[in-house]
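The values are calculated or read from the model by the stated rules, or taken from the named source; none is laboratory data. Source: prediction; values computed, not measured. Here Cβ is always computed from backbone atoms with ideal geometry, including for glycine, and neighbour counts include all displayed protein chains.
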Amino acid sequence: MNTMPADKLFQTYMDLISKRESEEIYRLNEPIGEGIMRHTHIAKGIELVYSELESYSPNYQAEKKEVDGLEIMYIVDGHGEFELQNRQFASGEKGDVMIFNCKSAVKKAILGKSGMNCISIILFTEDTISFLNTFLGTRDFSSTNFFNDIRKSDSAVSFPCGELLEKLFLETIRLPGAFSKYTVRLAVIHAIILLIQKFRDKDGVDVRLKNDNPDAYFSGSTGRKVQNVRRIINSNLEKEISIEELASKVNLNRTTLQKVFKEIYGLTVNEYRTKARLQFAKNLLASTELSITEIAGRCGYANASKFSEVFKKNEGVLPKDWRK
């Protein structure tokens, strides 16, 4: 399908609130849920949707199966748990990116108590590839290197968003200005290219799904337990909780925890904990006058020396220099 069915989709299931240029704002109506969606046309085959959802029942998403495409979602605030139509499970929290393909339409969504705000880039493969090649004056983009394994997979992908990608997503919801519509379009295109690169190694093979069983199944119960492990880590960054202890707290075995955690978040448990600690450290460095030693302690490091070593390895500079 080469045409974008977004207009039909929005008009069928939602009430139009306002419209200007290429942007429309819709209010969800029953039985879809409560909230608003702001739809912006970026280019042929590329649509941008900003959603503020209080509740969500995506019973229209079966229509996605008619299209070869992807939905790339960045969670601005809140969290969501998604049961796919093939009974697989995916979850994401604030700061996560989730990628759903046409085969992984969402059957059920459970949002946090405060709802969920998210930014979605909707891509239609054939038209997006054609646009990128024309816009960039190249022939480098094709169906074989455009999220190929993700498009074939029956699973959704979830991983923490990096700083540059997060900045690009947030750029898409900036306040209107004389040239803001162009800035938004460039941010979306830049984000797409970064993600294409992220999922490819030097041989052109999808990095994250390159394993013996890329569609490995795990139940919703297991997914929720692994999500709870992430919450435990984030709430106890100052503590060194072993993987065995984390697995015991959620009643999983160590092997299952490690395997499913990596599948959901794209990082091992220890890699994720390090990144979470360093992000917390950067927040403290930027917003407080705490000493390096005090920050090291709050981030779970026994001394300032070890903290500085890990910080420099990951950020390229020492904590004191980053603060400056």
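Looking at L278, L284, L290, which is the one that is assigned by TED's automatic domain parsing to the domain that holds K225 and in a loop (DSSP other than H, G, I, E, B)?
L290
Which pairs do you get when a residue that is assigned by TED's automatic domain parsing to the domain that holds L284 and of a type in the set (S, T, Y), found in segment 295-324, comes within reach of a residue that is part of a loop (DSSP other than H, G, I, E, B) and modelled with pLDDT of 90 or more, reach meaning Cβ atoms under 6 angstrom, with the pair 6+ apart or on two chains?
Close Cβ pairs (under 6 Å, with a partner that is part of a loop (DSSP other than H, G, I, E, B) and modelled with pLDDT of 90 or more) amount to S308/L318.
Might you let me know whether segment 139-153 holds any residue that is more than 13 Å from I192 (Cα to Cα), modelled with pLDDT under 85 and among the β-branched types (V, I, T)?
Yes, because at least one residue in segment 139-153 is more than 13 Å from I192 (Cα to Cα), modelled with pLDDT under 85 and among the β-branched types (V, I, T).
Would you point out which residue out of M98, M73 is modelled with pLDDT of 90 or more, within 21 Å of K262 (Cα to Cα) and outside the structural domain of K225 (by TED's automatic domain parsing)?
On inspection, the qualifying residue turns out to be M73.
Applying the selection to segment 267-282, what residues are over 12 Å from F159 (Cα atoms) and touching a residue at least 40 places away in the same chain (Cβ under 8 Å)?
Passing the criteria: V269, R273, T274, K275, A276, R277, F280, K282.
Kindly provide the set of residues from segment 250-275 that are within 30 Å of W322 (Cβ to Cβ) and part of a helix (DSSP H, G or I), ordered by number.
Of everything in segment 250-275, those that are within 30 Å of W322 (Cβ to Cβ) and part of a helix (DSSP H, G or I) turn out to be F261, K262, I264, Y265, V269, N270, E271, Y272, R273, T274, K275.
Sort through S51, S91 and tell me the only one that's crowded, with 20+ Cβ neighbours inside 10 Å, within 15 Å of the chain's Cα centre (by Cα), of a type in the set (S, T, Y) and modelled with pLDDT of 85 or more.
The match here is S51.
Collect the residues in segment 235-278 that are of a type in the set (G, A, S) and surrounded by 13 or more Cβ atoms within 10 Å (Cβ to Cβ), keeping them in residue-number order.
A247, S248, G266, A276
Please state which one of S130, S153, S114 is under 30 Å from F280 (Cα atoms) and of a type in the set (G, A, S).
Result: S114 is the single residue among S130, S153, S114 that is under 30 Å from F280 (Cα atoms) and of a type in the set (G, A, S).
For segment 293-324, how many residues are surrounded by fewer than 14 Cβ atoms within 10 Å (Cβ to Cβ) and part of a loop (DSSP other than H, G, I, E, B)?
5
Would you mind stating whether K225 is modelled with pLDDT under 85 and surrounded by fewer than 18 Cβ atoms within 10 Å (Cβ to Cβ)?
No: the conditions fail for K225.
Give the residues of segment 234-265 that are hydrophobic (A, V, I, L, M, F, W, C) and either in the same structural domain as D96 (by TED's automatic domain parsing) or over 23 Å from G80 (Cβ atoms) (or both), sorted by residue number.
L237, I241, I243, A247
Please verify whether A281 is among the small types (G, A, S), touching a helix residue (DSSP H, G or I) at 6+ places or on another chain (Cβ under 9 Å), crowded, with 21+ Cβ neighbours inside 10 Å and under 26 Å from G92 (Cβ atoms), treating the condition exactly as stated.
yes
Restricted to segment 130-164, and to residues that are touching a residue at least 60 places away in the same chain (Cβ under 8 Å) and within 23 Å of T40 (Cβ to Cβ), which residue is surrounded by the most Cβ atoms within 10 Å (Cβ to Cβ)?
Top of the filtered list is F147.
Of all residues being farther than 19 Å from T172 by Cβ and buried (at least 18 other Cβ atoms within 10 Å of the Cβ) in segment 110-126, which is modelled with the highest pLDDT? Just the residue, please.
The selected residue is T125.
Going through segment 123-170 one residue at a time, which ones are of a type in the set (V, I, T) and within 20 Å of the chain's Cα centre (by Cα)?
Matches in segment 123-170: T125, T128, I150, V157.
S104: surrounded by fewer than 19 Cβ atoms within 10 Å (Cβ to Cβ) and among the small types (G, A, S), yes or no?
Taking the combined requirement at face value, the residue does not satisfy it.
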